[in-house]
Amino acid sequence: MFQSWTSPFLRRNEPVLIAVLLVAIAVFGWIDPRFLSTGNLVSIAQQSAVIALISFAMTAVIIARGIDISVGSNLACSGIAAGLAYTATGSASLSLLAAIGGGAAIGLLNGALIGFAGISPFIATLATMAFARGLALSLSGASSIAVADPVLLFAGRETIGLLPVSVIIAAICLGLWWFVLNRTVYGRWIYAIGGNAGAARASLVPVDLVRISVYLIAGATAGLGAILTIGRLGSAQPLAGTGLEFTAITAAIIGGTKLSGGQGSIWGTAIGALLLGVINTGLSFLQVPQILIYFVTASLILVAVLTSQPESVAALFRTSGRKSIPSPRNSAATPLGKHSIALRGVGKSFPGVKALDGVSFAVSAGEVVGLAGENGAGKSTLVKCISGLHRPDEGEIVIDGNAVQFHSPSDAKGISVIHQHFSLSPDLTVAENLFIGREPHTRLGFLDRARMRRDARAIMDELSLDIDIAAELRTLSVGRQQMVEIARAVLSDAWFFIMDEPTSALSNRERDQLYELIDRLRTRGAGILYISHKMEEIFSQCDRVVVLRDGRFIGERQTRQTNEAEIVSMMVGRDVGDIFPYLETKIGETAIEISNVSNSKLLKSATLSVRRGEIVALAGLMGSGRSEVLRLIAGLETMHGGTIRIFGALQAGGDIKAANRAGIVYIPEDRHLEGFVGAMSIKDNLSLAWIRDNSYFGLLRPRRILALARDLIGSLGVRPAQPDKMTIELSGGNQQKVVIGKWLATKPKIILLDEPTRGVDVGAKSELHHLIAKLKAEGAAILMVSSELPEVLGVADRIVVMREGHSVCTLARGATEEDVMMHAFGDRKIAPPASTAPASIQPCTLPVGRAL
């Protein structure tokens, strides 16, 4: 209850910081009235000005998902450069140029190491921190350089009225940074890169150049800070700025900037810098030892982070109870005991929404129960309640006749979740991933890697998976990573399996292996809750199906006594009509024509054409090169051979901007990776690609952006229709609508759809395909990849079948699933086309009575 009403307030850092700041000033003034003297307050303001100046730039760096621990050393080096320039020439202007130029040079070095060389921001700036400090000490002979020029001293020492000049400069920089981050395309790009660099790059944002420029600005800001510091001290000192980087990072974090990137407030940083100046000066004023000041600063960071993440506070009070107990693996052939799990009136509420309301059903050993519902129906929340991630507010969970309460996932013994989005570590090997959280140990307490390898090989053999257990997970395909997730669940001593869209990334062959595994688990006595948006899976694998809608239990049906139409109607509460609608349209000019294209990797040779007003679908097994064809046309991959013509004009490939100028847009397979920026609002995501060509001199047009967002939200049916709502909070179907809407805003002529309905519910599939049909009717040329053959057969005018990187067959509308799979699985040897005469795909010969 406490968390529910405090979260919205605590997430707004500025009011909390202002309150803390006022309390700190009042307390220090009460302890010693001299603290409130004009001279002391001016000194605090001057000290805070330098901190704030550096912190503003640090905030931008962190928002862009970077870090710069070289700013303190850069400030010292820039100051020494200014001091040497003054000593050599006596020119204030050259000294100012040396300071800012020197700082910018080191910032540019940081940016080049990070943006071009791909070195981690921490490592890169750690290196330049040492380099800049060493350079400062070397150039100065480890001695300070006196500066007496009044121009150089003016900014850091003088006042205008009661206001120090340094404070005025910091205030101007505050205003400039706020304007840049909130009212310019460049600022929007910074947020997008920090929130999701992949999606930003796919949205035509020059990711590397923006990153480099942010570090360059941070370096120039350090040079400006050096001038203020020289003014305060009257000299350039090689050890100036020591610890400043950590103070700047602290001010940014206290102000609400997330180290994970994509979120931050320049106003919060300003208040955080002032608060640090007040507390540090106040404690020093009271002659508190420096070591205690460090403790206070550390406490401020922890309080700032925890209050902005109330869930972390709640986690501190949970019973951990985690034990690393190596447990022997049960073979899939080993019978389980008779178990059952029942939900009785389970309810769960979050601020402003009731996610679950009186849900009741049961699953017994040896049966597979489907869980169906639209995105947002409460399925994910229900899974989290069953697995111990959430505690129900109402009702109870009963296992084997006994009511249980889970305080954490470690309490949910015997329950294993196969997640829709992988819960694996890409940097660990397959074997290490299989044992995360239950690593076996030797008698001496060391990790028993021999046993891990032995059991890992055994489970792979048992599941007939040809996967190298020593390979890093990131080297595997998406489908193989999903199979590792499934193997990990089977490896545990689980009797109840929750499978959340387990086939979403699997090929047909891998899907069939999963079905075989489900049969073995059912025979063994396991209970399975199977969540899927694919009706054919619900009816082929499940004994019963439970339907949720808007968090409520709608009903359950025996699959052999119901049909797809009834289940869909229960899910959506309305008639959705044909899920995969086909619309006859007038066929126009040829928009895409590719011949023998390859990328020297999976894609060997593909030839096809797409005309305006037509949907062409690429079908085939996972790894057959379908997605690579789309990415080549979109300019996301480099073409190794062949030709691409767009409306008759040759395209070189490998240039996403050129492809976009030709009217091509690409809707990616993984919307979380390349589709949208989760930390940005619906409005900002919808306009992310549009703003590049629809801004005046790089300035955002807020009213037009809002009008665009409202228009797209209305036409696409995005729910809820709230332009300022965070996109990450939407259901999968609505997230996909936002991704499509982002590109529709650019008025495309060619639309490349890679798995457009993956992970969305039946109602959303219907809405998306009605939208796609509308775009087709408006004259768009659409090339689509889908692993769902009913989808391919339902909407496509023509189907191009891919096999082993080659386009092997073109099928006309009216082909069957058997026709597609016959050519996708065909074992005849594929002869590459001659280089002198590119071959075209010939229509496939179909059985008698079926015409193309």
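The values are calculated or read from the model by the stated rules, or taken from the named source; none is laboratory data. In this text, all values refer to a predicted model and were calculated from it rather than measured experimentally. Don't worry about glycine lacking a Cβ; one is built from the backbone with ideal geometry, like all the others, and counts go over all protein chains shown.
Some notes on this structure:
Per-residue answers, yes or no, for (1) without any contact (Cβ under 8 Å) to a residue 24 or more places away in the chain; (2) within 21 Å of residue 263 (Cα to Cα):
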| position | (1), (2) |
| --- | --- |
| 695 | no, no |
| 699 | no, yes |
| 706 | yes, yes |
| 710 | yes, no |
| 717 | no, no |
| 722 | no, yes |
| 727 | no, yes |
| 734 | no, no |
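- Within segment 516-539, tally of residues that are part of a loop (DSSP other than H, G, I, E, B) and not hydrophobic (A, V, I, L, M, F, W, C): 4
- Against the conditions (1) in contact with an Asp or Glu (Cβ under 8 Å, 6 or more places away or on another chain); (2) at pLDDT 85 or above; (3) surrounded by fewer than 16 Cβ atoms within 10 Å (Cβ to Cβ), residue 471 satisfies every one except (1).
- Test result for residue 93, assigned by TED's automatic domain parsing to the domain that holds residue 54, closer than 18 Å to residue 219 by Cα and assigned to a helix (DSSP H, G or I): no
- Residue among 435, 406 that alone is crowded, with 19+ Cβ neighbours inside 10 Å, in the same structural domain as residue 529 (by TED's automatic domain parsing) and of a type outside the set (Ser, Thr, Tyr): 406
- Within segment 101-115, tally of residues that are farther than 19 Å from residue 67 by Cα and either crowded, with 21+ Cβ neighbours inside 10 Å or at pLDDT below 95 (or both): 1
- When the criteria are applied in full, residue 166 fails the requirement of being in contact with a helix residue (DSSP H, G or I) (Cβ under 9 Å, 6 or more places away or on another chain), closer than 20 Å to residue 55 by Cβ and surrounded by fewer than 24 Cβ atoms within 10 Å (Cβ to Cβ).
- Matching residues in segment 282-303 - criterion: being more than 21 Å from residue 41 (Cα to Cα) and either at pLDDT below 65 or touching a Lys or Arg at 6+ places or on another chain (Cβ under 9 Å) (or both): none
- Only residues that are of a type in the set (A, V, I, L, M) and more than 22 Å from residue 765 (Cα to Cα) were counted in segment 543-598, giving 5.
For every residue, the table says whether it meets (1) at positive phi; (2) part of a loop (DSSP other than H, G, I, E, B); (3) not assigned by TED's automatic domain parsing to the domain that holds residue 534; (4) not small (Gly, Ala, Ser).
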{"site": "659", "(1), (2), (3), (4)": "no, no, yes, no"}
{"site": "685", "(1), (2), (3), (4)": "no, no, yes, yes"}
{"site": "708", "(1), (2), (3), (4)": "no, no, yes, yes"}
{"site": "723", "(1), (2), (3), (4)": "no, yes, yes, yes"}
{"site": "734", "(1), (2), (3), (4)": "no, no, yes, yes"}
{"site": "756", "(1), (2), (3), (4)": "no, yes, yes, yes"}
{"site": "759", "(1), (2), (3), (4)": "yes, yes, yes, no"}
{"site": "763", "(1), (2), (3), (4)": "no, no, yes, no"}
{"site": "766", "(1), (2), (3), (4)": "no, no, yes, no"}
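- Close pairs from segment 87-98: first among the aromatic types (Phe, Trp, Tyr), partner surrounded by fewer than 14 Cβ atoms within 10 Å (Cβ to Cβ) and at pLDDT 95 or above, Cβ under 6 Å, at least 6 apart: none
- Leading residue by the ranking (modelled with the lowest pLDDT) among those in segment 522-538 that are surrounded by fewer than 22 Cβ atoms within 10 Å (Cβ to Cβ) and more than 18 Å from residue 379 (Cβ to Cβ): 524
Results for (1) at pLDDT below 95; (2) of a type in the set (Val, Ile, Thr); (3) surrounded by fewer than 24 Cβ atoms within 10 Å (Cβ to Cβ); (4) assigned to a helix (DSSP H, G or I), shown as yes or no for each residue.
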{"residue": "58", "(1), (2), (3), (4)": "no, no, no, yes"}
{"residue": "62", "(1), (2), (3), (4)": "no, yes, no, yes"}
{"residue": "65", "(1), (2), (3), (4)": "no, no, yes, no"}
{"residue": "79", "(1), (2), (3), (4)": "no, no, no, yes"}
{"residue": "117", "(1), (2), (3), (4)": "yes, no, yes, no"}
{"residue": "123", "(1), (2), (3), (4)": "no, yes, yes, yes"}
{"residue": "137", "(1), (2), (3), (4)": "no, no, yes, yes"}
{"residue": "151", "(1), (2), (3), (4)": "yes, yes, yes, yes"}
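- Only one of the listed residues (745, 777) is buried (at least 17 other Cβ atoms within 10 Å of the Cβ) and either under 23 Å from residue 531 (Cα atoms) or not β-branched (Val, Ile, Thr) (or both). That residue is 745.
- Residue 75 being surrounded by fewer than 24 Cβ atoms within 10 Å (Cβ to Cβ), aliphatic (A, V, I, L, M) and at pLDDT 95 or above: no
- Screening residue 585 on (1) in the same structural domain as residue 817 (by TED's automatic domain parsing); (2) not in a loop (DSSP other than H, G, I, E, B) shows it passes everything except condition (2).
- Among residues of segment 230-248 being hydrophobic (A, V, I, L, M, F, W, C) and over 32 Å from the mean Cα position of the chain (by Cα), the one that is nearest to residue 63 (Cα to Cα) is 240.
- On the stretch given as segment 631-657, residues that are without any contact (Cβ under 8 Å) to a residue 24 or more places away in the chain and not in a loop (DSSP other than H, G, I, E, B) total 3.
- Only one of 594, 587 that is surrounded by fewer than 21 Cβ atoms within 10 Å (Cβ to Cβ) and aliphatic (A, V, I, L, M): 587
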